[in-house]
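Structure, as structure tokens:
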Amino acid sequence: MPRSNRPRGARKDDEDELDLARLKAGWRRTEVRRGSAWNVQPISEANALKEYRCPGCGNVVDPGVAHLVVWRADGVLGEANDLADRRHWHTHCWRVA
């Protein structure tokens, strides 16, 4: 039986695709608004799978719509509590808030 010279396990192409998907999804950043620090994570259209209510305008952020997830970066009750209180904003609503 001939020997297969293919590497086993994850292929380099798969890793490159994953890194590219992360780049397209956006990077978390910290912004300061009204004296408070906020973590801002962009969500791409492909990763927007659920419906959310935007706290800026009160309208629905539909599935498939790119938006931002925002949570406190300097909360006094701890990181776990800050993550639990994160909210999904329309990008334009966060810009004008």
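The values are calculated or read from the model by the stated rules, or taken from the named source; none is laboratory data. The shown structure was predicted, so the numbers you read here are calculated from the model rather than taken from an experiment. FYI the Cβ positions are ideal-geometry reconstructions off the backbone, even for glycines, and counts take in every protein chain you see.
Criterion first (in contact (Cβ under 8 Å) with a residue 12 or more places away in the chain and in a helix (DSSP H, G or I)) does residue 94 satisfy it?
yes
Restricting attention to segment 29-44, report how many residues are at pLDDT 90 or above, surrounded by fewer than 12 Cβ atoms within 10 Å (Cβ to Cβ) and either among the β-branched types (Val, Ile, Thr) or not in a strand (DSSP E or B) (or both).
Final tally of qualifying residues: 3.
Quick check on my filter: what residues within segment 65-91 are at pLDDT below 90 and in a loop (DSSP other than H, G, I, E, B)?
74, 75, 76, 77, 78
Inside segment 47-64, can you point out the residues that are part of a loop (DSSP other than H, G, I, E, B), of a type in the set (A, V, I, L, M, F, W, C) and either in contact with a Lys or Arg (Cβ under 8 Å, 6 or more places away or on another chain) or crowded, with 16+ Cβ neighbours inside 10 Å (or both)? First the steps, then the outcome.
Just the residues of segment 47-64 that are part of a loop (DSSP other than H, G, I, E, B), to begin with: 47-51, 54-59, 62-64.
Checking which are of a type in the set (A, V, I, L, M, F, W, C) leaves us with 48-49, 54, 57.
Those that are part of a loop (DSSP other than H, G, I, E, B), of a type in the set (A, V, I, L, M, F, W, C) and either in contact with a Lys or Arg (Cβ under 8 Å, 6 or more places away or on another chain) or crowded, with 16+ Cβ neighbours inside 10 Å (or both): 48, 54.
Report the residue count in segment 76-97 for those that are of a type in the set (Val, Ile, Thr) and at positive phi. Spell out the reasoning first.
Our first condition is that a residue be of a type in the set (Val, Ile, Thr); within segment 76-97, this holds for 76, 91, 96.
Add one more test, that the residue is at positive phi, and what stays is none.
The number of residues fulfilling the criteria is 0.
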